[in-house]
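These notes concern the structure reproduced below.
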Amino acid sequence: MELRNLRHFVALAEEGSFTRAAARELIVQSGLSSSVRALEKEVGAELFARGTRPVRLTAEGQALLPVARHTLETAAAARQVVQDVRGLLSGHLRIGTYPVNPKFVPLPQWLAGFASAHPALEITVRQTGGSAMTQMVADGRLDCALLDPLDGSPAGLQVLPVASEALEVAVPAGHPLAGRQSVTLRRLAREPFVETDPAWTTRRRTDRAFAAAGLNRRVACEVADWQLLLDLVRAGLGIALAPPSQIDTADRQSEQALFLVPLAGTEVRRELALVVPAGLSASPAARHFAAYLTARTRQDTPMAE
């Protein structure tokens, strides 16, 4: 059984599209199709239900997928054993993340630094939702992921803290709360809020804080972008609990300045952590990246606590 065929099978299973899988494997679609057909002939069963969009696995394909992933991981580990003797890190590192402000963590510099230190390693970065990334690490579709570990992680995964910051109340110039030393959730419950999407972990942390305090609040607007949220606060549509790293110094000094007021009596934090398989379940590349990120976090993130 050729590893190349298994790799193409896994790519098609994960992408759900011959076009995307072929692009991922850097081959033409006909080559991918031939590879998958060769594997099906070898195992004696159809692995995909043809004619469906997205392409779906048959029962036989679903049974083969975890074994195929494990086989590819074992082969990669075998190659890495040899590379370790030569002091090289090779293979493929698949990292998940959602958009992160460089003022919170300098992720672009970290990734560039790690890639420069390991030129034989292929690195792929994928952006998606936090809960989806956690599951993708758990089932082997990602080697690791940077996300807010709000709900913990499934068994078998390790959570390594990377950065943290307390959310503060953003209010526009002229607002009664502007310039105050601090403010309680009870006082905030009287104000209209501009909020992020309910699926965002910062939103869920804020919702949980109000619920724990037995308070209701009015959300006047929901957006899926921090800059729009802050622009709406600046325009006077409402207030918001926001990460200080999202607000430029210029925003605080302009004629339409935003004021940040710390919370009193409670704390709502924005967290970022690296989620990796525990122990030797993690790929060599993921273990090296975790060690690298831990070292860089200590050096480069003054906000990390």
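Exposure proxy shown here: for Ser33, Ser182, the number of other Cβ atoms within 10 Å sets the order, fewest to most, as Ser182, Ser33.
Compute the Kirkwood hydrodynamic radius of region 168-267, taking the inverse of the mean of 1/r over all pairs of distinct Cα atoms, and give it in Å to one decimal. So the Kirkwood estimate lands at 13.5 Å. Put the Cα centre of region 91-158 next to the Cα centre of region 177-256 and the gap is 28 Å. Amide hydrogen proximity for Thr58: with H placed 1.01 Å from N in the peptide plane, the residues at 5 or more positions away or on another chain lying under 5 Å are Phe48, Ala49. Using helices alone, what [θ] at 222 nm do you get for the chain, with -39,500 (n - 2.57) per DSSP H run of 4 or more residues, divided over all residues and rounded to the nearest 500? Helix contribution divided over all residues of the chain: -13500 deg cm²/dmol. Once the Cβ-Cβ distance of His70 and Tyr292 is raised to the sixth power relative to R0 = 30 Å, the FRET efficiency obtained is 0.75. Work out, in µm²/s and without decimals, the Stokes-Einstein translational diffusion coefficient of region 84-209 at 10 °C, 1.306 mPa s, Rh from Kirkwood over C-alpha pairs. After rounding, the answer is 90 µm²/s. Exposure proxy ranking for Ile239, Ile123, based on other Cβ atoms within 10 angstrom of each Cβ and starting from the fewest, stands as Ile123, Ile239. Sorting His70, His92, His288 by the number of Cβ atoms found within 10 Å of their own Cβ, with the fewest placed first, yields His70, His92, His288.
On the basis of the beta-carbon distance and an R0 of 45 Å, Leu160 and Cys221 show a calculated FRET efficiency of 0.80. Here the dipole of the chain is about 160 debye; that uses its Cα centre as origin and unit charges on the Cβ of Lys and Arg (positive) and Asp and Glu (negative). Coordinate range of the alpha-carbon atoms in region 137-176 per principal axis, descending: 51, 16, 16 Å.
The label point for Ala132 and the one for Met1, both projected 7 Å from the Cα toward the Cβ, are 2.9 nm apart. Computed from the Cα positions only, the extents of the chain along the three principal axes stand at 72, 47, 34 Å, in decreasing order. Calculated FRET efficiency, Ala211 to Ser281, Cβ-Cβ distance, R0 = 30 Å: about 0.25 to the nearest 0.05.
Every number here is computed from the coordinates shown, using simple stated rules; none is lab data. Quick caveat: nothing in here was measured; it's all calculated off a predicted structure. Ideal geometry is used to build each Cβ from the backbone, glycine not excepted, and the neighbour counts take in all protein chains shown.
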